[in-house]
There are 2 protein chains.
Amino acid sequence: MTVTIKDIAKIAGVSHATVSRSLNDSPLVAEKTKKRIKELADNLGFEFNANARSLSTNKTGTVCAIFPQKFGEFGASLYYISLLNQLRTSLEEEGIDLIVSFPKSSKTGESNIKRLIISKKVDGIIIIHPRLEKIDGQIINFMELSKIPYIFLHHYSSFYEENLADSIYTDHFYGGYNATDYLIKLGHKKIMCITSVGNSYEFEQRLNGYKAALNQNNIPVDENLILFGYRDIASGYNLVRDNIKSITDKGVTAIFAHTDLMAIGAMEALKEFNIKVPDDVSIVGYDDIELAEDFKPALTTIHQPREEIALLGCKRIVEMINGKKIKNKINIVLQTRLVVRESTKQIK
Amino acid sequence: MTVTIKDIAKIAGVSHATVSRSLNDSPLVAEKTKKRIKELADNLGFEFNANARSLSTNKTGTVCAIFPQKFGEFGASLYYISLLNQLRTSLEEEGIDLIVSFPKSSKTGESNIKRLIISKKVDGIIIIHPRLEKIDGQIINFMELSKIPYIFLHHYSSFYEENLADSIYTDHFYGGYNATDYLIKLGHKKIMCITSVGNSYEFEQRLNGYKAALNQNNIPVDENLILFGYRDIASGYNLVRDNIKSITDKGVTAIFAHTDLMAIGAMEALKEFNIKVPDDVSIVGYDDIELAEDFKPALTTIHQPREEIALLGCKRIVEMINGKKIKNKINIVLQTRLVVRESTKQIK
DNA sequence: CAAAAATTTGTACACGTGTACAGAGATATT
DNA sequence: AATATCTCTGTACACGTGTACAAATTTTTG
C-alpha cells in the first residue's frame with residue numbers, strides 16, 4: 001500500500017540504508033545513486049513515515065501552542081487570532097506542524113503540556129500567557145528537566161531573571177505612556193482611563209505608563225478617572241455610561257481605553273449621550289485589532305507587533321529545536337507604535 | 001531518562017508484553033497484576049511513547065483541521081474562530097490532538113493534506129471549506145484511496161451524491177428566507193440585499209432564500225436592490241454609502257446584509273446620512289458573531305449553529321476513526337435561527 | 001489425583017526509519 | 001603489481017510498542 005524505503009530499496013536494487021541516506025542527503029552516498037533514488041522516491045510519491053522517523057530520531061516536526069484560557073472569549077480571540085495565524089505561517093515555512101491547545105484551566109493546560117512532552121509528540125512548546133500569576137513554577141521545572149525547547153510569548157517572565165525561561169513581549173508601559181502623552185500633546189488634560197481588572201501584567205504596565213505620562217507633564221493623577229472593567233465592548237460601554245457624570249462634570253476631553261474593544265464600547269456610549277468623537281472627546285484604544293481601522297470613526301490606537309512576536313518566537317524555538325547551544329535565555333521586548341486615525345483631535 | 005514499558009516490566013518482574021496488555025486494559029491479564037502494573041506506571045509518571053505506538057497501531061490520536069484561505073482575513077477569522085474553539089474542545093474530550101493548517105492556497109492546502117496522510121501523522125482530516133468550486137476532485141480521490149476518515153464542515157459537497165464525502169453544513173437558503181420573511185412580516189416591502197461576490201455556495205443560497213421570500217409574499221424582486229461586495233465592514237459601509245440615493249429615492253426601509261460585518265458597516269454609513277436604525281431603516285445581519293450582541297443597536301441576525309457543527313463533525317470523525325463501518329456518507333443540514341435584537345422594527 | 005480446560009504469562013517478531021560498524025570496490029601510491 | 005587509502009554500500013541492531021503463538025500456570029472435571 002504505502003511506499004516505504006524498503007520498497008524503494010528493492011526496486012532500486014540497493015539496501016534500505018542507502019535509500020535512507022540518499023533521501024536524507026547524506027554525503028556518504030555517491031551522487032549518481034542519490035539522484036536516482038531521489039527521483040524514484042519522487043515518482044512513487046514517497047513520504048517518510050513520521051512515526052517511525054520520530055521514534056528513531058526523537059524529532060517530530062511538530063510544536064504545540066498553548067493559548068490562554070480566555071482565548072475563547074470574544075475580545076481575546078479577536079486579539080490572539082492574528083498571533084495564531086502568523087505563528088502558523090512562520091512554522092509552515094520551517095516545515096513544522098502546529099498542534100493547538102486552548103485549555104479550559106491552567107491545570108488541564110499543564111497536564112496537556114506534560115503529556116505532549118512525555119509522549120514525545122512535539123519538539124517544542126510555545127506558551128501564550130499574558131498573565132503572570134497563573135504560571136506554575138512546577139511546569140517550568142518540568143520543561144527544564146525534560147530539556148524541551150519552550151518559549152513564552154506575550155508574557156513577561158519573572159523566570160527570566162533566574163535564566164530559566166525565554167520570553168518575548170511588548171512594552172506595555174511605553175504603550176500606555178505613548179498613548180497618554182499623545183493626548184496631552186493634543187492639549188488634553190482631563191484624560192479618563194478605562195482598563196481591565198485582574199492581576200494582568202500588561203494592563204498594570206499600561207496603567208503605569210498612563211500615570212507616568214501625566215506626571216511627566218505635571219498633570220495630577222485623578223484616581224476617580226481610572227475605571228476598571230473587562231476587556232470587551234460591553235464593559236467599555238458600561239463604564240462610560242455609568243460614569244457619564246464624571247465625564248461631563250469634570251470636563252473629561254479624552255479617554256484612553258486599554259483595549260480597542262473597550263474603546264468601541266465607550267464610543268457607543270458617548271454617542272447615546274450625544275457626545276461626539278473626536279470633536280467633544282478624543283479616544284485612544286490599544287491593540288490595533290483589524291476592527292479598529294474599519295470602525296467609524298477609525299480608531300487611534302497603540303499597535304502591538306503581533307506578527308513580529310510570532311516571527312521571533314518561531315525563529316527562536318526553531319533554533320532551539322535544531323540544537324543551537326543556548327547559553328542564556330532571552331527576553332525580547334518589542335516596541336509598540338501609535339497609529340493615529342480619526343478618533344483623536346487637537347483640543348479646541 | 002524517560003520511562004518505557006520495558007522499564008516498568010523490569011521493575012515489576014514481568015515481561016513487557018504483560019505491561020503493554022495491562023496498560024491497554026486487555027482481558028488477558030489477571031486483574032491483580034493489571035492493577036499493580038497500572039499503579040506502578042502511575043507512580044512513575046509513565047506515558048506511552050506516541051510515536052512507537054503510532055508506528056505499531058497506525059493510530060496517532062491526532063486529527064488535522066484545514067481552514068479556508070480566507071481564515072486570516074478579518075471577517076473570516078472572526079467567523080471561524082468559534083468553530084475552531086469548539087472543535088478543539090470536542091476533540092479534547094476524546095483525547096485527540098488537533099493540528100491546524102491555514103493554507104496560503106488550495107495547492108498548499110492539498111499538499112499539506114497529502115503529506116499528513118502519507119506520513120501517517122493524523123487519523124483524520126476535517127476540511128472547513130465554504131466554497132464549492134475550489135475543491136479539487138483529485139484530493140478527494142486521494143483521501144478515498146488512502147481510506148483516511150475525512151469530513152467537510154460548512155460546505156455543501158456535490159460529492160455527496162456520489163456517496164463520496166461526508167458533509168455538515170447549515171441551511172443558507174432557509175436562513176436567507178427567514179431573515180427576509182421576518183422583515184416582510186414587519187411590514188417592509190423595499191428590502192435591499194447586500195451580499196458577497198464570488199461563487200460561494202453559502203451566499204448564493206442566502207440570496208435565493210431572499211428572493212424566494214419576496215416571491216412568496218408577492219413582492220417583485222428588484223435587481224437594483226441587490227448589491228455585491230465583500231464580507232467585511234468596509235464593504236458594507238461602501239455599498240450603502242455609494243448607493244444611498246437608491247435607498248432614499250426608492251424608499252428602502254430595510255437592509256438584509258449577508259454578514260454581520262457588512263451589517264455593521266451599513267449601519268455606520270446610514271448614521272452618516274442621519275438615517276436611524278431601526279427607526280428609519282431596519283437591518284438584519286447573518287452569522288451572529290459575538291460582536292452582533294455587543295454592538296449598538298444590537299444586531300438582529302441569523303444565527304449559525306457553529307458549535308453544533310463542530311460537535312457533530314467531531315462525533316462523526318471519531319466514529320470513523322474508531323472503525324465504525326460506514327455504509328453511506330452523511331449530509332447533515334443544520335437549521336439556522338433568527339435572533340431578534342434591536343436593529344429591526346415594525347414599519348411605521 | 002490425573003487429565004483436560006481455562007487462564008495467564010512470555011518469547012519472538014513486526015511496524016519504518018536511522019546509523020555504527022564492517023566490508024567491498026575503486027582509486028591512488030609505491 | 002601489490003599495497004594503502006578512500007569512497008561507497010550493506011548488515012545488523014536500535015528506537016518503544018502491540019500481538020500471534022507457544023508455553024506455563026492455575027482451575028475444573030471426571
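The values are calculated or read from the model by the stated rules, or taken from the named source; none is laboratory data. Source: prediction; values computed, not measured. All Cβ positions, even for glycine, are placed from backbone atoms using ideal geometry, and neighbour counts span all protein chains on display. What goes into the accessible areas is simple: the full protein's heavy atoms, side chains included, and nothing from ligands, DNA or RNA. Shrake-Rupley method; radii C 1.70, N 1.55, O 1.52, S 1.80 Å.
Structural remarks
- Some residue of segment B:49-60 being more than 16 Å from DNA strand C (Cβ to nearest atom) and either free of Cβ contacts under 8 Å to residues at least 40 places away in the same chain or touching a strand residue (DSSP E or B) at 6+ places or on another chain (Cβ under 7 Å) (or both): no
- The set of residues in segment A:20-43 being in a loop (DSSP other than H, G, I, E, B) and more than 11 Å from DNA strand C (Cβ to nearest atom) consists of A:Pro27 alone.
- Residue selection: A:Ile194 fails the criterion of being within 21 Å of the chain's Cα centre (by Cα) and crowded, with 19+ Cβ neighbours inside 10 Å.
- Taken over segment A:8-48, residues that are of a type in the set (A, V, I, L, M, F, W, C) and in contact (Cβ under 8 Å) with a residue 24 or more places away in the chain amount to 10.
- Of all residues in segment B:248-272 being surrounded by fewer than 24 Cβ atoms within 10 Å (Cβ to Cβ) and part of a helix (DSSP H, G or I), the one that is farthest from the chain's Cα centre (by Cα): B:Asp249
- Members of segment A:300-336 that are within 27 Å of A:Val284 (Cα to Cα) and either more than 16 Å from the chain's Cα centre (by Cα) or of a type in the set (Gly, Ala, Ser) (or both): A:Thr300, A:Thr301, A:Ala310
- Count of segment A:324-348 residues which are of a type in the set (Val, Ile, Thr), part of a strand (DSSP E or B) and open to solvent by less than 40 Å² (accessible area, probe 1.4 Å): 1
- Only listed residue being open to solvent by less than 10 Å² (accessible area, probe 1.4 Å), of a type in the set (Val, Ile, Thr) and away from every other protein chain (no Cβ under 14 Å), chosen from B:Ile309, B:Ile321: B:Ile309
- Subset of segment B:94-125 [at the interface with another protein chain (Cβ under 10 Å from one of its Cβ atoms) and either among the acidic types (Asp, Glu) or assigned to a helix (DSSP H, G or I) (or both)]: B:Asp97, B:Thr108, B:Asn112, B:Lys114, B:Arg115, B:Leu116, B:Ile117, B:Ile118
- When residues of segment A:1-44 are limited to those that are under 30 Å from A:Leu116 (Cα atoms) and open to solvent by less than 80 Å² (accessible area, probe 1.4 Å), the one farthest from DNA strand D (Cβ to nearest atom): A:Val3
- Assessment of segment A:67-81 against the conditions (open to solvent by 70 Å² or more (accessible area, probe 1.4 Å), within 39 Å of the chain's Cα centre (by Cα) and within 14 Å of chain B (Cβ to nearest Cβ)) yields at least one matching residue.
- Test for B:Asp136: is it within 23 Å of the chain's Cα centre (by Cα) and at pLDDT below 95: yes
- For segment B:177-205, a tally of residues being in a helix (DSSP H, G or I), of a type in the set (D, E, K, R) and at pLDDT 95 or above returns 2.
- Meets criteria (farther than 24 Å from A:Leu78 by Cα and outside the structural domain of B:Asp232 (by TED's automatic domain parsing)) for B:Leu270: no
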